[in-house]
1. Given the conditions (1) open to solvent by less than 70 Å² (accessible area, probe 1.4 Å); (2) more than 26 Å from ALA84 (Cβ to Cβ); (3) of a type in the set (D, E, K, R), which single one is not true for ARG18?
2. Restricting attention to segment 172-184, which residues are open to solvent by less than 60 Å² (accessible area, probe 1.4 Å) and closer than 18 Å to ASP211 by Cα?
3. Pick out the one residue from GLY224, GLY256, GLY236 that is open to solvent by less than 30 Å² (accessible area, probe 1.4 Å), free of Cβ contacts under 8 Å to residues at least 60 places away in the same chain and either farther than 22 Å from GLY45 by Cα or assigned to a loop (DSSP other than H, G, I, E, B) (or both).
4. Can you tell me which residues in segment 56-80 are crowded, with 22+ Cβ neighbours inside 10 Å, of a type outside the set (S, T, N, Q) and either over 21 Å from VAL181 (Cα atoms) or in contact (Cβ under 8 Å) with a residue 60 or more places away in the chain (or both)?
5. Could you pull out the residue among ARG251, ARG207 that is touching a helix residue (DSSP H, G or I) at 6+ places or on another chain (Cβ under 8 Å), basic (Lys, Arg) and in a strand (DSSP E or B)?
6. For ARG116, state whether it is open to solvent by less than 20 Å² (accessible area, probe 1.4 Å), basic (Lys, Arg) and in contact (Cβ under 8 Å) with a residue 12 or more places away in the chain.
7. Keeping to segment 146-184, report how many residues are in a loop (DSSP other than H, G, I, E, B) and either among the aliphatic types (A, V, I, L, M) or over 17 Å from the mean Cα position of the chain (by Cα) (or both).
8. Against the definition (in contact (Cβ under 8 Å) with a residue 60 or more places away in the chain and assigned to a helix (DSSP H, G or I)), how does ALA46 come out, yes or no?
Amino acid sequence: GAAVARARLALDDAGGGRLSDVEVIWRQVPKVSGRGHYGHRIAFGADGHLWISSGERQKFDPAQDMRSNLGKIIRLNDDGSVPADNPFAADGGVAAQVWSLGHRNPLGIAFDAQGRLWEHEMGPSGGDEFNRIERGANYGYPLVSDGDHYDGRPIPDHDTRPQFNAPEATWTPVISPAGLVIYDGATFPQWQGDALLGALSGQALVRVSIDGDSAREAERFDMGHRIREVEQGPDGDVWLLEDGESGRLLRLAAPGAG
C-alpha cells in the first residue's frame, strides 16, 4: 500500500537541500498483494485541503467497501486529520476520509478555475473515464463501466445504473490516461480552461475541452511514446514526461521560443 508524508524542505546556498520532520499523514488500508492500480496522485484545493486519489489495486470490490480507502478520492486537512464537513465524517474510521467512491485506477486529479475537481482513471478493457468529482458521489466501479473485464466478461454500462455518476468523457479503445493539468497559461491561449492529459497506450497528449460541467476530447497529439506525466510550467509552457527507462522530459513551447 502507499502512504503520503509531509516534511519541511530546507534549501542551502549550494543548490541542495534536505527534508526534516518527516511525518506520514495517510496510508492506504488495507495493505494488499499485487503491483497494480495504486493511483495516488495528490492535489491541494484553494481552501488548503489535501486530495488523494487511491486506486482499487485490481481488487475490484474494495472500491465499493467503505471499510477500505481503496478505489476512493480522499479529502484531508494538510496534517492528515479529517475535515468535519467530509460527506462520511460521521461514519468514522477510513470512511470519514472519503469524498467519492467507486473508482478504479485514478492517475490524474486537478482543479479548474471555478474550483471543480476533475479526475481521470483507467478503465478495464475499454472505458477509460474523465470525471467531474462531486461530494459523496459513487462512480460505480466495478458494478458499472463503459468497458468489460479483461477476460471478456461484460460489465453493465453506466446508463443501466443511473444511481451512479457517469463519466463526462470515455475512451474505447483505451488511451490509458496518466497525468493531468487544467491549463491556464499564456503560451497556448486557445487551450485556457481545457484539460491536458497524457496517454500511455495511446502515446499522445490529449486535450479535453471543458464546458461547464461537461467535457469532451477536443484534440489528440501523437507523441510516438507513452506519456506518463503532464505539467504546466510557470511561463505557460507544457512539460511531458515519457514512460520507461529511456523516457525523455519534453518541453512544448510556442513556435520560435528559445
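1. Here ARG18 clears every test but (1).
2. Those that are open to solvent by less than 60 Å² (accessible area, probe 1.4 Å) and closer than 18 Å to ASP211 by Cα: LEU180, VAL181, ILE182, TYR183.
3. On inspection, the qualifying residue turns out to be GLY236.
4. The answer is GLU56, ARG57, PRO62, ALA63, LEU70, GLY71, ILE73.
5. Exactly one of ARG251, ARG207 is touching a helix residue (DSSP H, G or I) at 6+ places or on another chain (Cβ under 8 Å), basic (Lys, Arg) and in a strand (DSSP E or B), namely ARG207.
6. no
7. Selection size over segment 146-184: 21.
8. So ALA46 does not fit the description; no.
The values are calculated or read from the model by the stated rules, or taken from the named source; none is laboratory data. Computed from a predicted structure; not experimentally measured. Note that we place each Cβ from the backbone using ideal geometry, even for glycine, and neighbour counts take in every protein chain shown. All accessible areas refer to the heavy atoms of the entire protein, side chains included, with ligands and DNA or RNA removed. Shrake-Rupley method; radii C 1.70, N 1.55, O 1.52, S 1.80 Å.
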